[in-house]
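Enquirer: Once you've had a glance at the structure underneath, I'll fire off some questions.
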Amino acid sequence: MRIIAHLDMDAFFAAVEERDNPQFKGMPIAVGADPGQGRGRGVVSTANYKAREYGIHSALPISVTWRLSESARKAGKPSVIFLPVDIEKYAAVSEKIMDIVKKYSPKVISRLAGGGFKSFRTVVVTVRFADFQTQTRSHTLDKSAAAQKILEFEALKLLSPFLDKRENPKGKLIRLIGVRVEKLNKNDL
């Protein structure tokens, strides 16, 4: 019997920061750009679940995040803890996690960041808009591919209509973009 597992490290940056800063446990955390007292530019890279209760999520403008934090504070809730992105630390933790996964699994099925996947036939893009409407598009290649550049090219082809009027005539904001591969060759599993 073959078992396939999916490891989704949602709110990963915030979880690492909470692990390294126990004084933040249970507090709302937003990792991303400097809010600059509400005048900052940039977005939230990730937010923990406590911050999500305030309406804060990935890709939200940091100025909006600041206003949501201030509203929560004025309502007697804890202010959001804003932390900068430490990509080197997150990459090191991610590598340790992958080492653990590899220790218990003879094969690892997909890891886009490291290009650890084998060949695939189908690319799937999922787009979730700010109103939570979700659309999925896929494309099956004529033959298997393994190159990251092919994956990126096919994903961008599927995504681009959502960035203009073809698939997004009302210009809705995008909340989430997901990319996955399917139809792996049996030899790769």
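The values are calculated or read from the model by the stated rules, or taken from the named source; none is laboratory data. These numbers were taken from a predicted model, which means no experiment stands behind them. Heavy atoms of the whole protein, side chains included, go into the accessibility calculation; ligands, DNA and RNA do not. Shrake-Rupley method; radii C 1.70, N 1.55, O 1.52, S 1.80 Å.
Enquirer: Output wanted: per-residue J couplings in Hz (rounded whole) for the range 71-86, from phi through Karplus 6.51 cos²θ - 1.76 cosθ + 1.60, θ = phi - 60°, x for Gly and Pro.
Expert: 4, 5, 4, 5, 8, x, 9, x, 5, 6, 8, 9, 10, x, 6, 10
Enquirer: Run the reach check for Lys157 against lysines, Cα to Cα strictly under 29 Å, same-chain hits fewer than 8 apart removed. What comes back?
Expert: Lys118, Lys143, Lys149, Lys165, Lys170, Lys172, Lys183, Lys186
Enquirer: Compute the whole-percent fraction of alpha carbon pairs in the chain spaced more than 20 Å apart.
Expert: Roughly 65 percent, once rounded to a whole number.
Enquirer: Any idea of the accessible area per residue across the range 58-101, 1.4 Å probe, to the nearest Å²?
Expert: Here the per-residue accessible area is 58 Å².
Enquirer: Which whole-number percent is the relative contact order of the chain (Cα, under 8 Å, 6+ apart)?
Expert: About 16 percent, as a whole number.
Enquirer: Quantify, in whole percent, the carbon and sulfur part of the accessible surface of the chain (1.4 Å probe; protein heavy atoms only).
Expert: 55
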